[in-house]
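The values are calculated or read from the model by the stated rules, or taken from the named source; none is laboratory data. Owing to the predicted nature of the structure, the values given are computational and were not obtained by experimental measurement. Because the Cβ atoms are built from the backbone with ideal geometry, glycine has one as well, and the counts that use them run over all protein chains shown.
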Amino acid sequence: MTKFPFYKKIIHSFYNKNVYIYSAKMEQHKIGFKYLLMLLCLFWIPMIIKIHFGIANFVAYELPPAIEKFPVVEIHDGVASFDKPSPYIMKDEKTGEVEAIFDDSGEYTSLENTTAQLLVTESKVLIRKSGNRTEEYSLAQIKDFSLTREKMLHWASYAKYVSILMYLIIIPCMFLYRAFLALIYSLIGLIFQAILETKFSFQTIYRLAILAFTPAFVIDKLLGYFDLDFPGLGLLCAAISLTYLFFALKWNKEDARNLEVQNFETF
């Protein structure tokens, strides 16, 4: 029987029934976790690269002009001061809405009646969370601190590592999600098994389920990379995966039947 290494499995899972027969017959000692992990690692790379360049472009071109609008904040013994006349109000250049207020004059003490998301006074910082809910942080414990534009740009330079961190977080999370999804598909596969009157082990059905959602997974990742989405995509992917699983069981049943016929004729 033709062998199907990792990359061939991905390609042949779209159209070749033999890859499903191979997985059922020749990989009985495997669960499919290694294949699943490699699949996730491979197809999340383009998305992470896209995110990386998106962050890099934002840091290089969009963030510096925004940071230039910020005042320098100096805090000494819990008291803040700014290098611009108070109250200093930052506005969105496109909409004209107030984004942040820096005030050590006492004119502004809360975010009420403003659209600002941030208020920094001489003694506290207020951040609007959602609706009218705000969180307040006292500066009383800060002895000596300086927030300059240069510091903000320096901190922003570390954003290039965010994509790597995201990759290291996403892969384990997606692995658990996909492994659980394969379990759900396998339970449905037991129904298919009853309909087709096959007798495969649950481990075999689980392994076939992982292979069966490869086509839908690849399509979903490609659409996601190009920001293409439409209502019902998740249900469509599930339907495609279950269809492949149904036929994977059917093809294996037919292969087993053909083998029995060949053995009988040989006998």
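How do the pairs read when you match residues in the range 140-157 that are at pLDDT 90 or above with residues anywhere that are loosely packed, with under 13 Cβ neighbours inside 10 Å and part of a helix (DSSP H, G or I), using Cβ under 9 Å and keeping only pairs 6 or more apart or on different chains?
none
How do the helices (runs of 4 or more DSSP H) wholly within the range 106-215 filter down when requiring 2 or more residues that are in contact with a Ser or Thr (Cβ under 7 Å, 6 or more places away or on another chain) and closer than 30 Å to GLU27 by Cβ: which remain?
Hits in the range 106-215: 202-212.
For the range 152-162, give me each residue that is closer than 22 Å to VAL120 by Cα and surrounded by 13 or more Cβ atoms within 10 Å (Cβ to Cβ).
Scanning the range 152-162 gives MET152, LEU153, ALA156.
Against the definition (touching a Pro at 6+ places or on another chain (Cβ under 7 Å) and either part of a strand (DSSP E or B) or over 22 Å from THR148 (Cα atoms) (or both)), how does TYR20 come out, yes or no?
Against the criterion (touching a Pro at 6+ places or on another chain (Cβ under 7 Å) and either part of a strand (DSSP E or B) or over 22 Å from THR148 (Cα atoms) (or both)), TYR20 does not qualify.
Here are some conditions: (1) more than 30 Å from PHE53 (Cβ to Cβ); (2) surrounded by fewer than 10 Cβ atoms within 10 Å (Cβ to Cβ); (3) not aromatic (Phe, Trp, Tyr). LEU165 meets all but one. Which one does it not meet?
So the condition that LEU165 fails would be (1).
Show the residue pairs that are 6+ apart or on different chains and have beta-carbon atoms under 9 Å apart, the first residue being within the range 219-237 and in the same structural domain as LEU39 (by TED's automatic domain parsing), the second being part of a loop (DSSP other than H, G, I, E, B).
If the second residue must be part of a loop (DSSP other than H, G, I, E, B), the pairs left are LEU222/LEU228; LEU223/ASP229; LEU223/PHE230; LEU236/PHE230; CYS237/PHE213.
Among the residues of the range 12-55, what is the count of those that are surrounded by 14 or more Cβ atoms within 10 Å (Cβ to Cβ), aliphatic (A, V, I, L, M) and within 24 Å of the chain's Cα centre (by Cα)?
So the count comes out to 10.
Within the range 180-192, identify whether any single residue is crowded, with 16+ Cβ neighbours inside 10 Å, at pLDDT below 95 and of a type in the set (A, V, I, L, M, F, W, C), and answer yes or no.
No: zero hits.
Residue-by-condition table, conditions (1) assigned to a helix (DSSP H, G or I); (2) in contact with a strand residue (DSSP E or B) (Cβ under 7 Å, 6 or more places away or on another chain):
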| position | (1), (2) |
| --- | --- |
| LYS30 | no, no |
| LEU36 | yes, no |
| PHE53 | yes, no |
| ILE67 | yes, no |
| ILE75 | no, yes |
| MET90 | no, yes |
| GLU93 | no, no |
| PHE102 | no, yes |
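Scan ILE10, ILE48 and give me the residue that is in the same structural domain as LYS199 (by TED's automatic domain parsing), assigned to a helix (DSSP H, G or I), touching a Ser or Thr at 6+ places or on another chain (Cβ under 9 Å) and over 18 Å from LEU245 (Cα atoms).
Going through ILE10, ILE48 in turn, the sole match is ILE48.
Report yes if some residue within the range 98-116 is β-branched (Val, Ile, Thr) and free of Cβ contacts under 8 Å to residues at least 12 places away in the same chain; otherwise report no.
No; the residues of the range 98-116 include none that is β-branched (Val, Ile, Thr) and free of Cβ contacts under 8 Å to residues at least 12 places away in the same chain.
Report, by residue number, each residue of the range 85-101 that is out of contact with any Leu (no Cβ under 8 Å at 6 or more places or on another chain), surrounded by 14 or more Cβ atoms within 10 Å (Cβ to Cβ) and under 22 Å from THR148 (Cβ atoms).
SER86, PRO87, TYR88, ILE89, MET90, LYS91
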